[in-house]
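Chemist: Just dropping this structure here.
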Amino acid sequence: MKKLWIKRLLYAFIVFLVILVSAFIWADNELNKVLGKSTKVIAISSIVKPSKTTQIKNVNVLSEDCTYFIENLDVLIKGGAIIQIGKNQHLDSTVTVIDGTGKFLIPGLVDSHVHLKESKNDLFLYLVNGITSIREMAGSDMILEWRKEILKGEIGPKMFIASPPIFSESGLTGYYYSWTRHSINYSTRKDAEKAIRKIKNKGYDAVKMYGFVNPQMFKATVEIAAKQDIPIIGHIPLVGLETFYQSGQIEVAHIEELTVKTIDEFGKSISKNRKEYLQFLKVRSEQIAKKIKENNISVTSTIWLCESFSNQRFGLKSKLKEIELRYVNPKIIEGTPLYKMGWLPGKNGYEYDGKNDDEAKRLSQIFWNTYAEAIHIMTKALVDHKVVIMAGTDANVATVVPGFSLHSELESLSKTGMTNAQTLYSATVAPGNWMKRNIGKVKIGYKADLVLLAKNPLEDIANTKTIESVFFDNYSIDKTQIRIILKAIAEANNQNRSVNIDEYK
């Protein structure tokens, strides 16, 4: 009888183990699936070919401070660099000439906050939208490899790559976050030293700080990173603003990070005390902006996403119809049953949870509308205090379409009170200077990362979408090629789609 009981117990244990392992394998597959790797990568090299020496003739060139266009210049590019700017350049017949008469030449745009995940076609979505450089804010070994391939001549934007996000959890919780969020976890200084040294050796450009890091590990991270000569960027961790200002972190990844701190400081419901909070914020935002400027901290925008929260929450289907959904990797938008990180109804984490409490819904609507207004107030204060703002989108977060979203972000920045010149600066000169790279200006000796526009973006910032040609490295893409690339990406997405999205077209 005893032997039978032991056998049954052993059998039950084996069954439990099989179920546990099967559940882990399924969950791991789901977590990897939503990164988008399974979508076919288009044959971009069959569409885009290397360019030889090219002259853009008789074009209006954006000034280095982005405030005006210099009329009727010839710009000569060779070997991926701008080698000459002037008037009436006479060249031999081997040079490809592009007529720029009546058109506008600006530097290649930079999206300073993106998430590629494992969706390689996104690289081409950036290029066709005039974005020739990106800052990846949660890198991986795969993305580091993509950058190496591009440096060797493959087609894609230039990349600044931050490490996977830092968490300070320990034990099983730490393992869970490392697994589900692809994060780096440590809870001791010794482990922090090992992790940051590894980040540096792998070739990451920065350490990505996340918002839940405790004060002890934040302090240790900053000190260790300084010794390794690698910057800290990203979220504001679990410290007060006064501590953060002087911490040594050089950038905040979202303007909303600052407004969230003011909501915490306010200490009351902003839904029930909206006017009082906004009055408080108008004073507090000036104080914060002054301190951010004094401590040479840059801020990345992601305003459009914050503006979208209310619409995603209460009008998701309408919001999905407004964006270029067909170009987004289908496995990213379809999400997973494990958690609501997809884009579609039922999978979108921003969507209202469906409570039938009219008052709760009303207060939620007030909260998110106030939240967006608070972002605008904080942005204006940062602009007024001349804080370095870099345009970024948080691409691949729900409804933020890679490439296309930067143009929406520029429009949002313009609406907050930035001039069109300041807005262009935030997506060209500012990130170029911040990354210390020869990009972001139409200038001799700089990279030939350029965008030829049909209309003047200083008159209307939406004109950044009137793209005639994009130049980068030894390549150029014209309007015909852009259409071919977008069609190929849409077809690749359709081949890997499990959920029909026709209702959102």
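Throughout, read-outs are computed from the coordinates displayed, never taken from laboratory work. Keep in mind the model is a prediction, meaning the values are calculated, not measured. Because the Cβ atoms are built from the backbone with ideal geometry, glycine has one as well, and the counts that use them run over all protein chains shown.
Chemist: Which FRET efficiency value, to the nearest 0.05, do you get for residue 491 and residue 321 by plugging their Cβ-Cβ distance into 1/(1 + (r/R0)^6) with R0 = 35 Å?
Modeler: It comes to 0.95.
Chemist: Based on DSSP H runs of at least 4 residues, each adding -39500 (n - 2.57), what is the mean residue ellipticity at 222 nm of the chain after dividing by all its residues, to the nearest 500 deg cm²/dmol?
Modeler: -14000 deg cm²/dmol
Chemist: Greater than 24 Å separation of Cα atoms is the criterion. Which listed pairs, 37/152; 202/436; 275/347; 120/465; 117/487, meet it?
Modeler: From the list (37/152; 202/436; 275/347; 120/465; 117/487), the Cα-Cα distance tops 24 Å for 275/347.
Chemist: Classify region 378-505: rounded, prolate or oblate, from the alpha-carbon gyration tensor (a ≥ b ≥ c, eigenvalue square roots; a/c under 1.5 rounded; otherwise prolate if a/b is larger than b/c)?
Modeler: Verdict is oblate for region 378-505.
Chemist: Would you please state which residues of region 380-419 a label at residue 250 would reach in this model, taking the label point 7 Å out along Cα→Cβ and a backbone N cut-off of under 15 Å?
Modeler: Taking a point 7 Å out along Cα→Cβ of residue 250, the residues of region 380-419 whose backbone N falls under 15 Å are 388-390.
Chemist: With +1 on the Cβ of every Lys and Arg and -1 on the Cβ of every Asp and Glu, and nothing else charged, how large is the dipole of the chain about its Cα centre, in debye rounded to the nearest 20?
Modeler: I would put it at about 1380 debye.
Chemist: Using R₀ = 35 Å, calculate the FRET efficiency as 1/(1 + (r/R₀)^6) where r is the Cβ-Cβ separation of residue 99 and residue 415; round to 0.05.
Modeler: Efficiency computed from Cβ-Cβ geometry: 0.55.
Chemist: If you take all C-alpha pairs in region 415-480, what percent of them are over 21 Å apart?
Modeler: 29 percent
Chemist: Continuing with this model, one more query. Please state the charge dipole magnitude for region 179-235, taken about the Cα centre, from unit charges on C-beta atoms (+1 on K and R, -1 on D and E), reported in debye and rounded to the nearest 20.
Modeler: Using Cβ point charges on Lys, Arg, Asp and Glu, region 179-235 gives about 180 debye.
Chemist: According to a simple spin-label model (label point 7 Å from Cα along Cα-to-Cβ), what is the distance in nm between residue 238 and residue 84?
Modeler: 6.2 nm
Chemist: Calculate, in whole percent, how much of the Cα-Cα pair population of region 1-142 lies beyond 19 Å.
Modeler: 71 percent
Chemist: Given 10 Å bins starting at zero, what is the percent of C-alpha pairs of region 204-270 in each, up to the one with the largest pair distance?
Modeler: With 10 Å bins starting at 0, P(r) equals 20, 54, 21, 5, 0.
Chemist: Write down the Å³ per residue value for the convex hull defined by the alpha carbon atoms of the chain.
Modeler: 184 Å³
Chemist: Quick one: compute the contact order of region 6-119, relative version, from alpha carbon pairs under 8 angstrom and 6+ residues apart, as a percent. Present the calculation step by step, with values, prior to reporting the outcome.
Modeler: On the way: 124 pairs, mean separation 30.0, N = 114.
Result for region 6-119 is 26 percent.
Chemist: With an 8 Å Cα cut-off and a minimum separation of 6 or more residues, compute the relative contact order for region 127-266 in percent.
Modeler: Relative contact order for region 127-266 comes out at 19 percent.
Chemist: Residue 92 to residue 144: extension gain in nm, 0.36 nm per residue of separation minus the Cα-Cα distance?
Modeler: Result: 14.7 nm gained on full extension.
Chemist: Mind giving me the nanometre distance, one decimal, between the label points for residue 70 and residue 269, set 7 Å out from Cα along Cα→Cβ?
Modeler: 5.9 nm
Chemist: Another question, if that's okay. Just to confirm my numbers, what's the Cα centroid distance between region 74-89 and region 360-403 in Å?
Modeler: 39 Å
Chemist: Only bridges whose two residues both fall in region 1-160 count here: according to DSSP, what percent of them are antiparallel, nearest 5? Please list the in-between numbers first.
Modeler: Numbers: 11 of 24 bridges.
Rounded to the nearest five, the antiparallel share is 45 percent.
Chemist: Given 38, 175, 54, which one lies farthest toward the positive end of the charge dipole of the chain, if we put +1 on the Cβ of every Lys and Arg and -1 on the Cβ of every Asp and Glu?
Modeler: 175
Chemist: Turning to a different aspect of this structure: Would you work out which of 163, 266, 422 lies farthest towards the positive end of the dipole of the chain, given +1 charges on the beta-carbon of Lys and Arg and -1 on that of Asp and Glu, about the Cα centre?
Modeler: Value: 163.
Chemist: Mind listing P(r) for region 94-242? All alpha-carbon pairs, 5 Å bins, whole percents.
Modeler: 2, 9, 17, 18, 16, 12, 9, 7, 3, 2, 2, 2, 0
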